[in-house]
Number of protein chains: 2
Amino acid sequence: MAERAFLPHLAYDSVVFGFSGDELKILIMEYHNTGLFALPGGFVGSNEDLDLAVRRGLAERTGLSDIYLEQFHAFGSMARYKPEVMATILQANGHNPERDFPWMLDRFITIAYYALINYKDVVPKPDALSDSCRWYPVKELPKLILDHEGIVEKAVLTLRENLDRKLVGGNLLPQRFTMKELQHVYEAILDTKLRRTTFQRAMLATGRLKRHDKQYSGKAHKAPYLYSFT
Amino acid sequence: MAERAFLPHLAYDSVVFGFSGDELKILIMEYHNTGLFALPGGFVGSNEDLDLAVRRGLAERTGLSDIYLEQFHAFGSMARYKPEVMATILQANGHNPERDFPWMLDRFITIAYYALINYKDVVPKPDALSDSCRWYPVKELPKLILDHEGIVEKAVLTLRENLDRKLVGGNLLPQRFTMKELQHVYEAILDTKLRRTTFQRAMLATGRLKRHDKQYSGKAHKAPYLYSFT
DNA sequence: TATTATTGTTACAAAATGAGACAATAATGA
DNA sequence: TCATTATTGTCTCATTTTGTAACAATAATA
């Protein structure tokens, strides 16, 4: 068999979470002239670590290296095999799918990751096939291709389960943040209101928060401390 | 490209947990004339659901269908690519690897599952390349090929995390079991002693246990109830 | 019929959590 | 200057959950 750049039949998709306006958002791509929306994804180089392939793709789309990334599921049902979707996307970009990219019409098993990033650090960049790469609130997603909506759903569920266990909430905020900001992140992820005092006590009890200087907001009230995770 | 039976570069491995003699055990295969031990695994048919491929392989090895199965991680580093291992196994079985099975020398990404089964229901069966398929205590495994020891370790950690959250302990026991048996399963998985009364209270509080008739053991003491999960 | 080992339940202490009160600010504005 | 306002950090107390031990109820045995 000839050398090939990527492993056949294998892809990854990434659910990139950001936090802005007290909402949990994710990056969604739109393909040129199709009205089709999808998770940002990519392929794995024939001699490339799976994890590194995902980091590479994320770096290209967000400009960020060194981001919090976690693999959560591989999706491999036959039900997700719909070659006509990829054919539509390729045709809309002026390609002849069967002639130019026959391997993209194959069946794919995708390994899904979620990433947590500081919203303000990111300038989303689309790829060659895509029109745009934009933030959408998790609660107001457009219709996505294939099983991507199910992938997002599982990502959110996994993130919820890992929130307390791995204390990952801070990865959606700048290095230093107030207790209220952290609480809003938790509330957005869990989709529920939390009690301020109980939350503060629980967070401090983890022993993972370092307290820094106060943040003076210019508002007429006590200034909150800034915290960071250790 | 010619039709092929299996997706290239993709495999699955299964960590099959059983419980016997108050120990947590897993199924390990030994390859003919090599002294090499490995997790039971297999390949995914070109038109086969990933999950069903794993169930098919498990059914062949355990004789069981309808078992508790959970995917927990895909392993895809380049460090796990050691074609000489598979070459050794094929040669020991009288094959010429390069000529007969060149694709088995390729790089593989493996998707790992763990299964929980009732030890007594299983008669392990090796496959064509294997000598034996036997139970080994998790704490006394032989040296395994490639990254299979890391796969087992991650399986155990995942099982521990899921134990309370998904109440999966009962899948390692017969349909009906005593509270003491269930406690022993928990103790084996968590590798720690539990307090009898606290455990009993917590289990009953889940509301997922149904109480059946008593089990008379012939011993000189009160007979325990049998329970099943709903 | 007393003894033994084990089980299911209860009782009480200790710890964790829920819910509110309260004092301590930063700015504002009379 | 000094009361006012909004928010923060902490404390208090009630409630719930958990840790620990005691106790009563068995099945078989001697």
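Before moving on, here are some points about what is shown:
- Net dipole in debye of the protein assembly as shown [+1 Lys, Arg Cβ; -1 Asp, Glu Cβ; about Cα centre; nearest 20]: 2760
- Label points for A:T198 are taken 7 Å from Cα along Cα→Cβ. From this copy to the others they lie 2.2 nm apart, shortest first.
- Phi angles of segment A:148-159 translate, via the Karplus equation with coefficients 6.51, -1.76, 1.60 and θ = phi - 60°, into HN-Hα couplings of 5, 5, x, 5, 4, 4, 5, 4, 5, 4, 5, 4 Hz per residue; Gly and Pro are given as x.
- Share antiparallel - DSSP beta bridges, the protein assembly as shown, percent rounded to 5: 75
- Selection of chymotrypsin sites (Phe, Trp or Tyr not before Pro), segment A:162-230, meeting DSSP coil and at most 13 other Cβ within 10 Å: A:Y216
- Nearest-first distances (nm) between copies at A:A92, label 7 Å from Cα via Cβ: 5.3
- Among the trypsin sites (Lys or Arg not before Pro) in segment A:1-81, those placed in a DSSP loop whose Cβ has at most 13 other Cβ atoms within 10 Å are A:R4.
- Among A:M104, A:M203, A:M78, the largest mean-square fluctuation in a Gaussian network model of chain A (Cα springs under 10 Å) belongs to A:M78.
- Coupling constants for segment B:67-73 follow from the phi torsions by the Karplus curve (6.51 cos²θ - 1.76 cosθ + 1.60, θ = phi - 60°), and in residue order they are 10, 6, 9, 9, 6, 10, 5 Hz; glycine and proline get x.
- Mean separation of Cα contacts under 8 Å, 6 or more apart, over the residue count of segment B:175-229: relative contact order %: 43
- Between copies, the label points at A:L141 (set 7 angstrom from Cα along Cα-to-Cβ) are spaced 3.4 nm, reported in nanometres from shortest to longest.
- Taking amide H as placed 1.01 Å from N in the peptide plane, the amide H of A:V168 sits under 5 Å from none that are at least 5 places away or on another chain.
- For B:S132, distant residues with modelled amide H under 5 Å away: B:E30
- Choice from B:V156, B:V85, B:V15 with maximal GNM fluctuation in chain B (Cα, 10 Å cutoff): B:V85
- Per-residue ellipticity at 222 nm computed for chain A from its helices equals -9000 deg cm²/dmol, with DSSP H segments shorter than 4 residues left out and the rest contributing -39,500 (n - 2.57).
- Closest Cβ on chain B to the rotation axis that carries it onto A (distance rounded to whole Å): B:A74, 2
- Euclidean distance between Cα centres, segment A:145-201 to segment B:38-63, Å: 36
- Between the Cα long axis of helix B:179-190 and the first principal axis of chain B there is an angle of about 40°, rounded to the nearest 10.
- Highest-fluctuation residue, A:Y81, A:Y12, A:Y114 considered, GNM on chain A with Cα pairs under 10 Å: A:Y81
- Taking amide hydrogens as placed 1.01 Å from N in the peptide plane, the amide H of A:L141 sits under 5 Å from that of no residue at least 5 positions away in sequence or on another chain.
Coordinate-derived values only; no laboratory data. Computed from a prediction, not measured in an experiment: that's the story for all the values here. Glycine also receives a Cβ, built like all others from the backbone with ideal geometry; neighbour counts cover every protein chain displayed.
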